1. Scan the strands (runs of 3 or more DSSP E) fully inside region 349-460 and keep the ones with 1 or more residues being touching a helix residue (DSSP H, G or I) at 6+ places or on another chain (Cβ under 9 Å) and closer than 28 Å to residue 160 by Cα.
2. Checking the condition touching a helix residue (DSSP H, G or I) at 6+ places or on another chain (Cβ under 7 Å) and modelled with pLDDT under 95, which residue from 237, 216, 230, 259 passes?
3. Criterion first (part of a loop (DSSP other than H, G, I, E, B) and either more than 21 Å from residue 369 (Cβ to Cβ) or not assigned by TED's automatic domain parsing to the domain that holds residue 261 (or both)) does residue 132 satisfy it?
4. Does residue 115 count as surrounded by 23 or more Cβ atoms within 10 Å (Cβ to Cβ), at pLDDT 95 or above and under 20 Å from residue 68 (Cα atoms)?
5. Residue 93 - would you say it is in contact (Cβ under 8 Å) with a residue 24 or more places away in the chain and within 30 Å of residue 216 (Cβ to Cβ)?
6. What's the total number of residues in region 84-109 that are part of a loop (DSSP other than H, G, I, E, B) and closer than 30 Å to residue 457 by Cβ?
7. Suppose we filter 274, 211 for residues that are modelled with pLDDT of 95 or more, buried (at least 21 other Cβ atoms within 10 Å of the Cβ) and within 28 Å of the chain's Cα centre (by Cα); which single one remains?
8. Can you tell me how many residues in region 56-83 are in a helix (DSSP H, G or I) and surrounded by 22 or more Cβ atoms within 10 Å (Cβ to Cβ)?
């Protein structure tokens, strides 16, 4: 730990909080309807990147905007380069917020807003941690580059562009997961399906594949009384059901709990609740058959057991998140699966099992993509030094983690995720009322400064 960097961060903590608030107030959800040259992911992401780079420039850093895909902040000298990978884009806000998702309000020492944990808070902790190192005058054996992406949540096109136009750093860490350190990430498998037929039901649940949908809006061609009777029969306290009469049927708003797709067990999937409810109703034959098969293969099963894809290895157990259900008069327009599979899994085998499992639904695959998992040995220099940093700062020596989440680390050589969620704390990323404790933000900034000195300092 550096007394100087700690002191500098304490002296500039108000500025850190204010700059993070400014960033959180910008809605940087990917918006394909407002793309242009220099804004490949929409105006919000472009503005967020521009403002953050301007902040870094005002702090005396050399900055670059790489065509709106991502930006860089540079410090130090040396033949080798240390990369810090963070992102400024966020997932849609979703439902169930106590405080406005883009107001960046502070209540009881917590800064609330979409992106405060994932990943604007860590990005600004990295920026101010780097500024503290710069102010300390620490000589470096490695140049340090903070890379700020704008499409981490929707495909990582930002980092793909970076790797096309810039040389990859020699080693990297990404403050976008959990302490003490993540050295293994599962495979991420995404697929989408549709089924065209004349349907009488309507369902809207979820907006992105990588989040558990906390809300579903449903229309069914049966009476409100029948729906209420079915809800009573289900007696499912995990969800709330708002039933109202409509022309030729009933509307139902189902509210669950949103969560990150890598930890679906922490949410309450309103998509699945909608399928369960419809399975209890007297629907027209093809709708009823489709619903029955869907419910049969999915249930409330976050490990894919009923679909026949469950597996496990040292990197953890497979998780399954049905994330989007868009069902209208033309049938199922879009249904998505987000699967976080153990690193030993093979995408081709997974695809074969899912195809076989959904065969009876009549669903046709429209999209498929996957990102292989990764593993770095605990004996690697990067891993050992970052674990030392964590132990010195927090007074605990812990073993590295394997996670289901996907970070930038999997797309760079010699890279790991380092922080910032604390051990044992529930995940707040992608959740309503996402927040970061202000005291934690300050401590994370000091920790990142420690990491920079440990990995890039002349004495490292």
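1. Values: elements: 364-371, 401-403, 415-417, 435-437.
Fully inside region 349-460 and qualifying: 364-371, 415-417.
2. Details: 237 fails: touching a helix residue (DSSP H, G or I) at 6+ places or on another chain (Cβ under 7 Å); 216 fails: modelled with pLDDT under 95; 230 fails: modelled with pLDDT under 95.
Unique residue meeting the criteria: 259.
3. On the way: part of a loop (DSSP other than H, G, I, E, B): no; either more than 21 Å from residue 369 (Cβ to Cβ) or not assigned by TED's automatic domain parsing to the domain that holds residue 261 (or both): yes.
For residue 132, the condition - part of a loop (DSSP other than H, G, I, E, B) and either more than 21 Å from residue 369 (Cβ to Cβ) or not assigned by TED's automatic domain parsing to the domain that holds residue 261 (or both) - is not met.
4. Values: surrounded by 23 or more Cβ atoms within 10 Å (Cβ to Cβ): yes; at pLDDT 95 or above: yes; under 20 Å from residue 68 (Cα atoms): yes.
In short, yes.
5. On the way: in contact (Cβ under 8 Å) with a residue 24 or more places away in the chain: yes; within 30 Å of residue 216 (Cβ to Cβ): yes.
Spelling it out, residue 93 is indeed in contact (Cβ under 8 Å) with a residue 24 or more places away in the chain and within 30 Å of residue 216 (Cβ to Cβ).
6. Step one: of region 84-109, the residues part of a loop (DSSP other than H, G, I, E, B) are 88-89, 91-105, 108-109.
Applying the additional criterion that residues be closer than 30 Å to residue 457 by Cβ yields 88.
Residues flagged as part of a loop (DSSP other than H, G, I, E, B) and closer than 30 Å to residue 457 by Cβ within region 84-109 amount to 1.
7. Numbers: 211 fails: modelled with pLDDT of 95 or more.
So the residue among 274, 211 that is modelled with pLDDT of 95 or more, buried (at least 21 other Cβ atoms within 10 Å of the Cβ) and within 28 Å of the chain's Cα centre (by Cα) is 274.
8. Quick first cut of region 56-83, residues in a helix (DSSP H, G or I) only: 56-58.
Right, trim to surrounded by 22 or more Cβ atoms within 10 Å (Cβ to Cβ) and you get 56.
Qualifying residue count for the region: 1.
The values are calculated or read from the model by the stated rules, or taken from the named source; none is laboratory data. Just so it is clear, the structure is predicted and the values come from calculations on it, not from any experiment. Glycine gets a Cβ as well: all are built from the backbone with ideal geometry, and neighbour counts include every protein chain shown.
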